[in-house]
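Beneath this line is the structure, given in structure tokens, with notes to follow.
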Amino acid sequence: MIGPLPEAASGDDSAAALTRKAAAATKTRVAKMFAAHGWLQDALKLEHRPGQERMARAVAAALSGDEPLLVEAGTGIGKSLAYLLPGLLLAQETKRPLVVSTHTIALQEQIFKKDLELCRTLFRAVPTLAAYADFRATLLVGRANYLCPQRLVRALQTRADLFERALQDDLERLVEWSHKTADGLHEELQPPPHFDVWDAVNADSSACNPKTCSPETCFFQRARASVRKSHIIIVNHSLLFSLIQAGAGPETDARGILFPDDLVVLDEAHRVPETATDHFGARLSSFGLERALHTLYNPKTHKGFLARRGSKHDHALVSAALDASHVFFENLREQYLGRKDLVRLHEPNWSAPVLDAPLKILGDRLGKLVESAANEDETEEFRDHRRKLNAFRSTLDGCLKLAEPGQVYWLERGGKRGQIVHVRAAPLDVAPHLREALFERDTGVILTSATLTDGATLDAFRARVGTPPGALDRVEVSPFDFVKNLRVFAASDAPEPAAGSGRLDLAWLADMIAFCTLRVQGGSLVLFTSHADLRAVAEKIEPALAKARRPFFRQGLDFSRGDLTRHFAQAGNGILFGADSFWTGVDVPGPALSQVILARLPFENPTHPVLEARHERTRDRGGNPFLEITLPDALVKFRQGIGRLIRRQTDCGTVTILDSRILRKEYGKRFLAALPRRGYTAFTRDDRDKVFQPLEATP
């Protein structure tokens, strides 16, 4: 647990009275902020947005009443201010921390660096709100993202044992950076340090604790201390659910989700079920285990934590565990995966537990070494290594036995060359976990996003996240003029995916994408549902784009998602190919993004083990998996994808859909109805020169 925050007033009567008073004050001030000619409009010269006002009032009521609320707020509503301002007022009135969780780092930083400063400016500009202006805010990431100076010193002292020469040079670069950085965050150091070097110096260790590290010297301890004093804490969904799964939160039955008596907002909430499914499951990989063992001792380089601290016998124990790991995972590749990327596991004891004994023997030996450690820091390092090995053992044992009812188990390939084997488990239904973690904690929790509905109702999302019966919801439609600013084209001659294989006619697709992207002077974002299709089409059209001197960016090469988006935005007329993660969170205003092309309607792969199991359960109870799961999920993702285009009032452009099923299939009407405007233009390869007239913004 990160640590407690200031407590609310003690005593039931005084706390209740404080809550009633705070609720009344918050609702009154929120009404004055967001009303036409209210404080936001008069003091900050922001336009009055009726949808934003309705959302802010609903948020104030839900947080004040410790109730759940779902809000779909279309692009342009201004949802961040609609939850931040009521939340900040209530947090300070009641001395209850406000936790805001986002999916993307970009939104985290926008809230922390821009939106909160706008809130502070408003408070300072309005005398009635001046007392709220000095609120304290912290942006918190996982502790493995922070440098621990104490661990850095110890790594320097033992670098000859831990690292080869090249990595020692990387360590020296990290030392220089440590004297300049203000926050000690991994992302600040470019290029990033080698994984093994950072693993030896980050704060994700028991050796980084309040006894050995103080807020004056340690970046993580400073952030931790800041959290305790903060009125608002900005986190991300991954950290939120990691902490919840690890047992963070109130230690008693007191209300609160992450901290005692907190209030919580989850923005980009459409990603909550996916993130929670990942964190309420289990995983281990060949890479992760072998890296943990190499950190102890690498037989090839003779480096590692046990290089001098351990004996030859200890080195042999690590080597034995590494050999067992290689045999175990190589067997999984040969027996189960072969040419497959995913294999679901149906029966327990699907493999011999060849790793259990070597890991147990090594873990027991580390326990003995704890007793003979030279100092407390060394003791904690030994304990950490032992805990990691025990966690691997426990996770693998549970996966081998298919121990958890309601979990789906599978094997999966990973890595650029598919060389890493993952053993995975995830809940078949994440709703009970979310209900317990979010909605049964007796506190106000807001889930909001630009796309929670399938274009019609919130029913599918409600079922996925487990909202209690009677939980309130709102849908605030985007105020943008999509009739004027958006043009939609759909290719009526697109060959349907081949029956059985689902493969596309890549020659047709490459030709159409080349035509549509070169027809637009500004930038085009091309969204795929398959990395294989993305790579194949990229190879086919890259020469044409190079000949036209158009900057071309594609997912899966050297750049990160954030770097790709940034370079694409800077190019002005670039073409960006992206798959799953690019359907959401991309925000490129202006002509740099003038067209979004959907290569295919975004139906999820029905053979993924979790989705397959959900379909089986639906069929077993007499339901229709396509109508109840596949179609609603695809509609939400479809709305997310086309939502990348119009991000500002002045944006305009074209959505191009290269999947004729939207016109030919009965369910296509649902996708057409989910468009932000009615009407589209059908075109074919034969008439495209005449018909395809895209709409573009003026630079």
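Taken along its principal axes, the alpha carbon cloud of region 140-227 reaches lengths of 38, 26, 20 Å, longest axis first.
Rounding to the nearest 20 debye, state how big the charge dipole of the chain is about its Cα centre with +1 on each Lys and Arg Cβ and -1 on each Asp and Glu Cβ.
Result for the chain is approximately 1180 debye, rounded to the nearest 20.
Helical runs assigned H by DSSP (4 residues or longer) give the chain a calculated mean residue ellipticity at 222 nm of -13500 deg cm²/dmol, each run adding -39500 (n - 2.57) before division by the residue total. About its Cα centre, region 281-427 has a charge dipole of approximately 500 debye under the convention of +1 per Lys or Arg Cβ and -1 per Asp or Glu Cβ, with nothing else charged.
What number, in percent, do you get for the relative contact order of the chain if the mean sequence gap of Cα pairs under 8 Å and at least 6 apart is divided by its residue count? Mind dumping the intermediate values first?
Details: 1228 pairs, mean separation 106.0, N = 699.
Relative CO of the chain lands at 15 percent.
Across region 186-339, how large is the tail of the calculated P(r) beyond 26 Å, expressed as a percent of all Cα pairs? Each step should come with its number before you reach the end.
Values: 5935 of 11781 pairs.
Cα-Cα pairs of region 186-339 separated by over 26 Å account for 50 percent.
The calculated FRET efficiency for Leu557 paired with Leu672, based on their beta-carbon distance and R0 = 35 Å, is about 0.50.
Can you bin region 210-275 into rounded, prolate or oblate? Criterion: square roots of the alpha carbon gyration tensor eigenvalues sorted a ≥ b ≥ c, rounded for a/c under 1.5, prolate for a/b above b/c, oblate for the rest.
Numbers: a/c = 1.96, a/b = 1.58, b/c = 1.24.
Prolate shape, in that a/c is at least 1.5 and a/b is the bigger ratio.
Considering only Pro50, His326, Thr26, and ranking their Cα positions along the charge dipole of the chain that arises from unit charges at the beta-carbon of Lys, Arg, Asp and Glu, the one farthest toward the positive end is Pro50.
Along the axis of the charge dipole computed for region 482-691 (Cβ charges of +1 for Lys and Arg, -1 for Asp and Glu, origin at the Cα centre), the listed residues Cys652, Phe582, Pro609 are led at the positive end by Cys652. Taking a sphere under 11 Å around the Cβ of Val586 and counting the other residues whose Cβ falls inside, with K and R at +1 and D and E at -1, yields a net charge of +3. Within straight-line reach of Lys665, meaning a Cα separation under 27 Å, sit the following lysines at least 8 residues removed in sequence or on another chain: Lys637, Lys690. The Rg/Rh ratio for region 77-147, using Cα coordinates for both the radius of gyration and the Kirkwood hydrodynamic radius, is 0.99.
The share of C-alpha pairs in region 281-427 whose separation exceeds 27 Å stands at 25 percent.
Give the distance, in whole Å, between the Cα centre of region 371-402 and the Cα centre of region 527-562. Region 371-402 and region 527-562 have Cα centres spaced 43 Å from each other. Within region 482-691, all pairs of alpha-carbon atoms sorted by distance into 5 Å bins from zero give the percentages 1, 7, 15, 20, 21, 16, 11, 6, 2, 1, 0, 0.
Working from label points 7 Å from Cα in the Cα-to-Cβ sense, the Arg685 to Asp397 distance is 5.9 nm. For the set Lys32/Lys79; Lys21/Lys113; Lys27/Lys79; Lys79/Lys114; Lys368/Lys388; Lys312/Lys368, the pairs lying more than 19 angstrom apart at their alpha carbons are Lys21/Lys113.
Any idea what diffusion coefficient region 83-192 gets from Stokes-Einstein, in µm²/s, Kirkwood Rh on alpha carbon pairs, 37 °C, 0.692 mPa s? Working shown, then result.
Working: Rh = 17.0 Å.
Stokes-Einstein gives a translational diffusion coefficient of 193 µm²/s.
Counting only the backbone N, which residues of region 173-209 are under 14 Å from the spot 7 Å out from the Cα of Ala246 toward its beta-carbon? The answer is 202-209. Charging the Cβ of each Asp and Glu at -1 and of each Lys and Arg at +1, and nothing else, the dipole of region 244-333 about its Cα centre rounds to 840 debye.
Report relative contact order for region 419-515 in percent, whole number only (criteria: Cα-Cα under 8 Å, sequence separation at least 6). Intermediate results must be reported in sequence, preceding the final value.
On the way: 36 pairs, mean separation 20.5, N = 97.
Across region 419-515, relative contact order equals 21 percent.
Debye-formula intensities of the chain, expressed as log10 I(q)/I(0) at q = 0.06, 0.08, 0.09, 0.11 Å⁻¹, are -0.39, -0.72, -0.92, -1.35 (one equal scatterer per alpha-carbon, no solvent).
Put simply, region 121-186 fits an ellipsoid with semi-axes of 42, 11, 9 Å; these come from the alpha carbon gyration tensor as the roots of five times its eigenvalues, largest first. Counting only DSSP beta bridges whose two residues both lie in the chain, roughly 30 percent are antiparallel. Each semi-axis of the equivalent ellipsoid for region 609-673 is √(5λ) with λ an eigenvalue of the Cα gyration tensor; in descending order they amount to 30, 14, 9 Å.
Farthest toward the positive end of the dipole of region 116-267, out of Gln157, Val197, Thr181, is the Cα of Thr181, where the dipole comes from beta carbon charges about the Cα centre. Sorted into 5 angstrom bins from 0, the C-alpha pair distances of region 272-340 split as 3, 15, 20, 16, 14, 13, 10, 7, 3, 0 percent.
Every number here is computed from the coordinates shown, using simple stated rules; none is lab data. Note that the structure is a prediction, hence the values are computed from the model and not measured. Neighbour counts are summed over all protein chains in view; Cβ atoms, including those assigned to glycine, are modelled from backbone coordinates with ideal geometry.
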